[in-house]
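Take a look at the structure set out below.
The values are calculated or read from the model by the stated rules, or taken from the named source; none is laboratory data. Note that the structure is a prediction, hence the values are computed from the model and not measured. FYI the Cβ positions are ideal-geometry reconstructions off the backbone, even for glycines, and counts take in every protein chain you see. Heavy atoms of the whole protein, side chains included, go into the accessibility calculation; ligands, DNA and RNA do not. Shrake-Rupley method; radii C 1.70, N 1.55, O 1.52, S 1.80 Å.
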Amino acid sequence: MSSDKNSITNEQEWQMLGQALSNVLQTMSGLEAEIAFVQPADWPLNEIEFSGFMVMTRVRPSVLTISATRPAIMTILSYMTGEMPDELSEQELNDGVCELVNMVAGEVKSRLNDSERAYGLTSPIAAQGSSLRFSLKNGLETFDAFVTVDGLHLKMSLYML
Amino acid sequence: MSKRVLIVDDSPIVHHLLRKTLEAAGHEVCGDAKNGREGVDLYGKLKPDVVFMDVTMPLMDGIEAVKTIRASDPAAQIIMLTAMGDEQIMTEANQAGVTVFLKKPFDDYKIISALAKLV
Amino acid sequence: MDQELMQPYIDSVNEVLQMMVGVKVLSHSVTPVEKSEIMSYGVASIMTFSGGIFSGRVVLDLPPEVALKIANLLLGEQFSTTRERMVLASISELNNTIGGSANTVINNSTGIGLRLAPPYVLTGDKLVFASTKAKSVGIMFKTNIGFFRMYLTLKGVD
């Protein structure tokens, strides 16, 4: 990657976020993440039940989301907190997905602080529900990562204005 | 008098609403662009009488698009239509060369009155 | 939250609904939000804004039937499900206009310079949204086509 922080492209920023997600999962839960940038054929699209959202504020803002199936977020949080998966409350699961997106965006923020791509972070928001759908305006540059952790599924997306 | 209008906005709703209002008033929507870059390209190809331009859009924002259009056609008639209409944005828009600045929300009267103000 | 900062959003809801969809707000009531988790009515549009040390969020939370009525009135069409993209885009545009209009008033009176991020809309069955890191106020609006709630969060000004 270029050493000139002002020449970082959208794709490079996206790669940094992907790397940050791996680091966060590894550091916080000890789990290894496999990341694919093309949707695998067997991806359980309809089983996503938790999403965390964070807006990266700058002249051209971006929205970062991490979505997970219930077993995935339960497992990750269980490793992170040391609690048994079925002891985790709904509030903890929502808080966990917020923390995940907060940590990933925060890690990259510190690396871009003195570049023209520096951003601020708003407080994260979690959404939980079955048949969860998310709609953003057309025309945003979109990046998707399909993440498998311990056989479980997460998706990270970045929407750039 | 009927005008040929180019709409540049990333919201499909704004395209829909403006088209309905303009066509009902006898104007022609000759082009739809989803961002500033498309707007600049279509302006060059279509040479519309008037452009309705949003501010915040992907790829190229409205202020930048107005500057680019103005540089190629100093007589361009551009109506800026935006949800954010504070003094700083209005100043930037005026400096870029916007002809009329409109704040959302809007209704038919606001749109047709703005068009009537243009030469 | 300071009434002076909340009032532009209340005024904006009144103005935008009246002008863009011909809907009249009959009354509104403000309540603090004690829980971090909120059971949504079904359609939630979230718009974030920031400027300087301030950031905030406007969430419009609507029952699906109210979201449909708004989209139908706005576009003059008959949508039957909130799964239609134009229904969600209508709610996004409405929130964008409400937030933009209110922030314009705040910017002009305070010089803060708040700017909007692209709004997004969430739908789902038994949709819950949660934010543990920021306090909100809830404002319930009753209109001639039904009720909806706005959650307003402003950080840096509590």
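Between chain B and chain A, roughly 600 Å² of accessible surface gets buried, counting both sides and using a 1.4 Å probe. Any idea which of A:Leu21, A:Val97, A:Leu140 is furthest toward the positive side of the dipole for the protein assembly as shown, if Lys and Arg beta-carbons carry +1 and Asp and Glu beta-carbons -1? So the residue we want is A:Leu140. Computed over protein heavy atoms with a 1.4 Å probe, the carbon and sulfur contribution to the accessible area of region C:1-149 reaches 53%.
Separation of region A:52-101 from region B:70-119 is 43 Å, based on Cα centroids. Electrostatic bookkeeping for C:Thr153 treats Lys and Arg as +1 and Asp and Glu as -1; over the other residues with beta carbon under 9 Å from its beta carbon, the sum is +3. Taking GluC sites (Glu not before Pro) across region A:29-105, the ones in a DSSP loop with at most 12 further Cβ atoms lying within 10 angstrom of their Cβ are A:Glu32. Share of antiparallel DSSP beta bridges in the protein assembly as shown, in percent to the nearest 5? In the protein assembly as shown, DSSP labels about 85 percent of beta bridges as antiparallel. Shown for region A:5-107: the carbon plus sulfur share of the solvent-accessible area, taken with all protein chains present and a 1.4 angstrom probe, equals 51%. Surface listing: A:Phe143, B:Phe52 arranged by accessible area from highest to lowest gives A:Phe143, B:Phe52, probe 1.4 Å. The alpha-carbon of C:Lys126 sits under 30 angstrom from the alpha-carbons of these lysines, leaving out residues fewer than 8 places away in its chain: A:Lys137, A:Lys155, C:Lys24, C:Lys35, C:Lys69, C:Lys135, C:Lys142, C:Lys155.
What the phi angles of region C:93-105 give under the Karplus curve with 6.51, -1.76 and 1.60, with θ = phi - 60°, is a coupling list of 5, 4, 5, 4, 6, 4, x, x, 5, 5, 5, 4, 4 Hz, glycine and proline written as x.
Counted as membrane-span-like here are DSSP H helices of chain A whose alpha-carbon atoms extend 30 Å or more along the helix's own axis and whose Kyte-Doolittle mean is -0.5 or above; these are A:90-112.
Put +1 on the Cβ of every Lys and Arg and -1 on every Asp and Glu Cβ in region C:45-105; which of C:Ala102, C:Leu68, C:Phe79 then has its Cα farthest towards the positive end of the dipole? My answer, from the dipole projection, is C:Ala102. Considering all C-alpha pairs of region B:1-73, those separated by over 14 Å amount to 53%.
Pairs of lysine residues in region B:4-116 that meet both criteria, 8 or more places apart or on different chains and Cα atoms under 27 Å apart, total 20. The trypsin sites (Lys or Arg not before Pro) of region C:33-113 that DSSP puts in a loop, and whose beta carbon has at most 13 other beta carbons within 10 Å, are C:Lys35, C:Arg83.
For C:Thr31 and C:Asn144, the FRET efficiency from 1/(1 + (r/R0)^6), where r spans their Cβ atoms and R0 equals 25 Å, is about 0.70.
Quick one: buried accessible area between B and C, total over both chains, 1.4 angstrom probe, nearest 100 Å²? Counting both chains, the buried surface is close to 1800 Å². The charge dipole of the protein assembly as shown, taken about its Cα centre with unit charges on the Cβ atoms of Lys, Arg (+1), Asp and Glu (-1) only, comes to about 1320 debye. For region C:39-139, GluC sites (Glu not before Pro) meeting the loop criterion (DSSP other than H, G, I, E, B) and having at most 13 other Cβ atoms within 10 Å: C:Glu77. Summing Lys and Arg as +1 and Asp and Glu as -1 over all other residues whose Cβ lies under 15 Å from the Cβ of A:Phe37 gives a net charge of -4.
Within the shell defined by Cβ-Cβ distances under 12 Å, the residues around A:Ser22 carry a net charge of -3, with Lys and Arg each +1 and Asp and Glu each -1. Three principal axis extents of region C:3-155 based on alpha-carbon atoms, in descending order, are 42, 32, 28 Å.
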